[in-house]
Amino acid sequence: MDVTLKVYRFNPNEDEKPHYEKYTLILRDDAVLLDALNEIKWKFDGSLSYRRSCRHGICGSCAVKLNGKNVLACKTPLKKAIEDFGDVLIVEPLSKNKEKIIKDLVIDKKDFWDKNKKVKPYLIANIDEHPEKENLIKPEEVEKLEDADYCIACGCCYYACESIRANKDFLGPQALAKTYRFTADGRDEAKKERLEFVDKLGIGVWDCVKCQACIEVCPKGVDPFTKITHLHNQIFEEGVAKKNVATKHAEGFVHSIKKHGILDEGMLVLYSEGVNVARHLPEAMEMLKKGKIKFPWNMPKSEGVEEIKKLVEISQTHELKG
Amino acid sequence: MKYALYTGCTAKESTPELLKSTLLVAKTLGIEIEILNEASCCGAGHLQDFDEFLSLVLNARNICLAEKRGLKMVTLCNTCQLMLENTKRKLDSDEKLKEKVNEKLGELGYKYVGNTKIQHFLYAILEDVGFEEISKHIKRPLNMKIAPFYGCHIIRPSKTHDGDNLNENPYKPNAIENLIKVLMGESVDYSTKLKCCGFHVDLQNTPVSEKLTSNILEDATKAGAEAIVTPCPLCHLNLDVKQRAIAKRENKDFNIPVLHLPEMLALAFGYSAEEIGLNHHVVDVKF
Ligand code: SF4
Ligand code: SF4
Ligand code: FES
């Protein structure tokens, strides 16, 4: 099989700016992206730098960007990649932020590891140091983790996260999925403490922009976004939720739906923001001028509103606080 | 051909032009529309944060409304589409959950079965009508450079959309580009085409939301686009309604009209600005 790769090359100690090097290789039909990188390094240019170790999708070190998608090089068949992206495969580091590039495809993942560490990625419990038997949990309890324990910390999700792009303090999908891995584990005794830690504006669960990029890239099917949604729910269920614009916003949907069946968009913003709503005045004025704001007397209602109200009442899993 | 149209809340409130133009396009393409006026809000990803089960029950009821009519359910908003499809996937793959949801629905005389397709208007017309038929209705070729902006929830996660968005590659989609070309416009490529506009953190983290939207406006403008088109009314709110405020805060100079996808079709089909509802745009659309 003929394969053409355009590989990102940058040595910050020598180069002024990055460039792309093109390589055309002949490889076996079942070759994966890592085979191609090895072939380049071993036969064409020994100076190419990238990370790899296990070659089995376990260590997470070989994560790179392939035509815009973060992947594990050792788990990505080239045949499929060509099918998905066409004849020229563009290989880049997970982040092209110049400060992060160590060399070529190798980046400094310190920010990622720091956040992983911040969420205390280990079981916290008072456990007998010399137990007589194993501390087993039932299969149903393992199911609750919903594969959150499969994370190999490759960073694919973190470096694809749209929220991180604009907010470097956000904990990001991996650290939040890791938090859920323990809040869902009945043996862990720090559930409340963990939820309190992630129930913070700026760094925590409320700052996920819901872009779904983390689900799309995760090579292990961890689905961090859904874990973040579970964390939101746990925060309310455990009574940990601090009153802020984000928690009020989530709650506000229930009020609005009960009243109108659909959202009262204007009132929802008012309810969420309280007095701070004034900051939206310029946009609100523009919207008003353009007939984009419904007044209370014109507020449309769902024709099924009575039914919807009843359904909300019988289906809600916990009470509203506000 | 007939669709059960789930309008979502936005098309009934802050983007009336979206509903107007959708109805015009449907009429031109010979599609009968039955609006699901009894439907509830899909939760927009935020009700789900408060109570995932509640959102599943509400959306299951929404789907039942189309099931009862025996019609394809068609949406106008990326986020509604994802919420409804998510509900469908979850219920169709988990008998126990479906039973629990049906227990609640049963109290009101509903039963979720799972036999309705849920599709965004964009993909519904591409699947049911097709480019060739669409091209027959062009009265006013677009003749302009348009930047397609997909919005996250219509392309990701691909495993949820599983065929309903015609198996679009989330890293290389082409539906909107092809549609622009068919309508005789020029599709512009730019670096943030597939990124997020930040809408869902607009209240709690306005700077993040504005930064992400600003990047899109800037990249599309730099690439020479004369307009942006999006299939998502929430992205539209960020790109159009907030455009001036963002330009001011970021000290940038944007003035780029943002079309809803059905508006782009309605324009090419020759409808007037008034019929389409272009007067509701914050950034003027001149055609
Ligand atoms: S869904 Fe949330 S956590 Fe996942 S990549 Fe997007 S912003 Fe990040
Ligand atoms: S959640 Fe998935 S993508 Fe993210 S670090 Fe873990 S394995 Fe990698
Ligand atoms: S080399 Fe270990 S995951 Fe690829």
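The values are calculated or read from the model by the stated rules, or taken from the named source; none is laboratory data. Quick caveat: nothing in here was measured; it's all calculated off a predicted structure. Positions of Cβ are generated from backbone atoms using ideal geometry, with glycine treated the same way; all protein chains shown enter the neighbour counts.
Listed values, structure above:
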read-out: Filter result (without any contact (Cβ under 8 Å) to a residue 40 or more places away in the chain and either among the aromatic types (Phe, Trp, Tyr) or more than 7 Å from chain A (Cβ to nearest Cβ) (or both)) within segment B:203-213; value: B:THR206, B:PRO207, B:SER209, B:THR213
read-out: Matching entry among A:SER95, A:SER163 (being under 26 Å from A:LYS200 (Cβ atoms), within 14 Å of another protein chain (Cβ to nearest Cβ) and either in contact with a strand residue (DSSP E or B) (Cβ under 8 Å, 6 or more places away or on another chain) or within 16 Å of ligand 2 (Cβ to nearest atom) (or both)); value: A:SER163
read-out: Scope segment A:59-118; condition among the aliphatic types (A, V, I, L, M) and either closer than 21 Å to A:ALA166 by Cβ or under 17 Å from the mean Cα position of the chain (by Cα) (or both); matching residues; value: A:ALA63, A:VAL64, A:VAL71, A:LEU72, A:LEU94, A:ILE101, A:ILE107
read-out: Every pair of residues 6+ apart whose Cβ atoms lie under 7 Å, when the first sits in segment A:65-78 and is under 9 Å from A:LEU94 (Cα atoms) while the second is part of a loop (DSSP other than H, G, I, E, B) and of a type in the set (A, V, I, L, M); value: A:LYS65/A:LEU94; A:ASN70/A:LEU94
read-out: Some residue of segment A:122-139 being within 16 Å of ligand 3 (Cβ to nearest atom), farther than 30 Å from A:MET1 by Cα, surrounded by fewer than 16 Cβ atoms within 10 Å (Cβ to Cβ) and among the aromatic types (Phe, Trp, Tyr); value: no
read-out: Pick from segment A:229-257, criterion β-branched (Val, Ile, Thr) and surrounded by 24 or more Cβ atoms within 10 Å (Cβ to Cβ), ranking: farthest from ligand 3 (Cβ to nearest atom); value: A:ILE257
read-out: Among the residues listed as A:ALA278, A:ALA190, the single one being more than 9 Å from chain B (Cβ to nearest Cβ), free of Cβ contacts under 8 Å to residues at least 12 places away in the same chain and of a type in the set (Gly, Ala, Ser); value: A:ALA278
read-out: Residue tally, condition in contact (Cβ under 8 Å) with a residue 40 or more places away in the chain and more than 17 Å from A:LYS144 (Cβ to Cβ), over segment B:88-101; value: 2
read-out: Enumerated helices (runs of 4 or more DSSP H) restricted to segment B:50-113, each holding at least 3 residues that are assigned by the TED database to the domain that holds B:TYR6 and closer than 30 Å to B:ILE125 by Cα; value: B:52-69, B:78-93
read-out: All positions within segment B:7-47 that are over 15 Å from the mean Cα position of the chain (by Cα), within 7 Å of another protein chain (Cβ to nearest Cβ) and either closer than 18 Å to B:GLU133 by Cα or polar (S, T, N, Q) (or both); value: B:ASN37, B:SER40
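Conditions (1) at pLDDT 95 or above; (2) within 16 Å of ligand 2 (Cβ to nearest atom); (3) under 30 Å from A:LYS310 (Cα atoms), marked per residue:
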site	(1), (2), (3)
A:ARG187	no, no, no
A:GLY202	yes, no, no
A:ASP207	yes, no, no
A:CYS211	yes, yes, no
A:PRO224	yes, yes, no
A:HIS232	yes, no, yes
A:VAL245	no, no, yes
